[in-house]
Amino acid sequence: MSSGSVQTLPLQLFLREDFPQLLQTLKQLGYQTLGPVLSQGAIQWKAITTPEDFPIDWKDQQEPGSYRLEPDPSPRYFNIVHGPESLKPLTFAPRETLLVLDHQNNTFSAKDIQPDTTPTAILGVRACDLAGLGIQDQIFLHGTYPDPYYQQRRENLFLIAVNCTRAHATCFCASMETGPKAQQGFDLSLTEADEDFLIEAGSVKGLKVLDQLTSSIASEERIKEDEERIGACAASQTRSLPKANLPAALYEAHDHPRWDHVAARCLSCTNCTMVCPTCFCHGVEETPSLDFQQSEHTRVWDSCFTPDHGYIHGKNFRPTTKDRYRMWLTHKLAAWIDQFGTSGCVGCGRCIAWCPVGIDLTEEVQALSQPPL
């Protein structure tokens with residue numbers, strides 16, 4: 001969603017010592033601020049009130065099937081790239097009561113439950129997650145029937161992107177053209193160095209915040225330094241997806257023996273879909289009160305990897321792990337393009353890092369694109 005177009009302005013230089021101004025300005029404008037916070041051994045979106053809330057002196061390491069945090073002497077606020085949470089839980093709630101039904105005096109009444117609409121600034125959004133949010137917008141906002149719950153949360157977000165200058169072994173956003181630099185969808189964007197930030201407004205709301213910060217026009221030399229660092233981040237990525245071969249390669253691979261190979265490893269644990277910025281499968285639960293006088297109609301995240309997801313009227317049309325993995329990968333990278341005009345993958349690499357057995361979808365697509373041995 002757009003926060004209003006903004007005239008292109010010179011990039012600004014914002015000193016690290018002035019960073020508390022940004023938090024204070026957001027507070028004065030009525031935003032609650034969320035940012036990357038060290039919690040339960042990972043990074044999660046939590047309330048930020050002071051600079052000390054950021055995971056300074058830490059960095060993350062991600063490999064297939066591996067995520068860990070380790071001490072690092074860097075003074076940067078955003079030295080950690082990302083944790084298991086994308087922006088998805090902040091707009092498409094994992095569990096959300098939509099409606100409450102009451103039975104009184106031999107009649108029923110229904111009350112819809114509105115989501116929290118507190119204006120919220122998200123500080124530390126990565127380019128891949130902005131791309132994921134753009135895909136979610138297509139699903140929940142741009143169809144025939146926009147989702148009002150998603151819409152209310154989405155309209156109250158103020159997004160502050162941080163451009164990546166460090167990539168993980170699991171990252172492949174460069175090949176998906178979704179990063180490492182944020183191109184659109186942000187209100188403000190930052191590129192962090194040890195002593196300062198380059199800061200750019202991407203919306204009228206962002207410009208309003210920028211106008212209240214102590215900043216100066218960045219030199220061409222300083223801008224070039226950051227461009228080189230972002231470029232080096234892109235060049236360091238060792239994984240990629242062959243976009244030119246999709247979606248045809250996966251459609252043609254429906255009976256490829258590679259599906260049996262990956263199914264023998266897959267646990268159907270649903271981790272990949274839970275951490276994915278774009279997966280949107282969900283179900284609905286009806287929860288009655290103990291006296292049967294009230295019932296809650298609740299939407300909950302689901303996954304195409306659960307056996308029940310493919311169960312319809314006495315028959316499961318995706319009974320095996322092979323069926324479910326093939327469905328997920330083919331939809332994500334092929335059918336999604338037909339439905340929405342874009343891939344359902346943004347190259348964040350979370351599904352690789354958070355898979356307990358380290359299944360790598362880039363490796364699977366490469367194998368499925370080759371003739372069977």
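The values are calculated or read from the model by the stated rules, or taken from the named source; none is laboratory data. From a predicted model like this one, the values you see are computed outputs, not experimental measurements. Neighbour counts are summed over all protein chains in view; Cβ atoms, including those assigned to glycine, are modelled from backbone coordinates with ideal geometry.
Scan segment 102-114 and tell me whether some residue there is buried (at least 16 other Cβ atoms within 10 Å of the Cβ) and not hydroxyl-bearing (S, T, Y).
The answer is no, given that none of the residues of segment 102-114 is buried (at least 16 other Cβ atoms within 10 Å of the Cβ) and not hydroxyl-bearing (S, T, Y).
Kindly provide the set of residues from segment 200-241 that are surrounded by 14 or more Cβ atoms within 10 Å (Cβ to Cβ) and among the hydroxyl-bearing types (S, T, Y), ordered by number.
Selection gives S203, S215, S236, S240.
For segment 9-67, what are the residues that are touching a His at 6+ places or on another chain (Cβ under 9 Å) and among the acidic types (D, E)?
The answer is D60, E63.
Which residue, of G310, G314, is touching a helix residue (DSSP H, G or I) at 6+ places or on another chain (Cβ under 9 Å) and over 21 Å from E364 (Cα atoms)?
Unique residue meeting the criteria: G310.
Any idea which residue in segment 216-232 is nearest to the chain's Cα centre (by Cα), counting only those that are part of a helix (DSSP H, G or I) and in contact (Cβ under 8 Å) with a residue 24 or more places away in the chain?
Filtering first and then ranking leaves I230.
Please work out if D260 is out of contact with any helix residue (DSSP H, G or I) (no Cβ under 7 Å at 6 or more places or on another chain), part of a helix (DSSP H, G or I) and at pLDDT 95 or above.
Numbers: out of contact with any helix residue (DSSP H, G or I) (no Cβ under 7 Å at 6 or more places or on another chain): no; part of a helix (DSSP H, G or I): yes; at pLDDT 95 or above: yes.
Taking the combined requirement at face value, the residue does not satisfy it.
Can you find a residue in segment 162-175 that is β-branched (V, I, T), more than 26 Å from D57 (Cβ to Cβ), buried (at least 22 other Cβ atoms within 10 Å of the Cβ) and in contact with a Leu (Cβ under 8 Å, 6 or more places away or on another chain)?
Within segment 162-175, not a single residue is β-branched (V, I, T), more than 26 Å from D57 (Cβ to Cβ), buried (at least 22 other Cβ atoms within 10 Å of the Cβ) and in contact with a Leu (Cβ under 8 Å, 6 or more places away or on another chain).
Looking at E85, E63, E52, which is the one that is out of contact with any strand residue (DSSP E or B) (no Cβ under 8 Å at 6 or more places or on another chain), closer than 30 Å to E17 by Cα and among the acidic types (D, E)?
E52
For D53, indicate whether it is modelled with pLDDT of 95 or more, touching a Lys or Arg at 6+ places or on another chain (Cβ under 9 Å) and under 24 Å from R166 (Cα atoms).
yes
Give me a count of the residues in segment 309-331 that are under 20 Å from R258 (Cα atoms) and either surrounded by 15 or more Cβ atoms within 10 Å (Cβ to Cβ) or modelled with pLDDT of 95 or more (or both).
13
Out of the residues in segment 58-99 that are of a type in the set (S, T, N, Q) and part of a strand (DSSP E or B), which is nearest to D196 (Cα to Cα)?
Residues of segment 58-99 that are of a type in the set (S, T, N, Q), as a first pass: 61-62, 66, 74, 79, 86, 91, 97.
After this cut, where a residue has to be part of a strand (DSSP E or B) as well, the list is 61-62, 66, 97.
Values: Q61: 24, Q62: 26, S66: 31, T97: 43 Å.
For segment 58-99, the residue satisfying everything is Q61.
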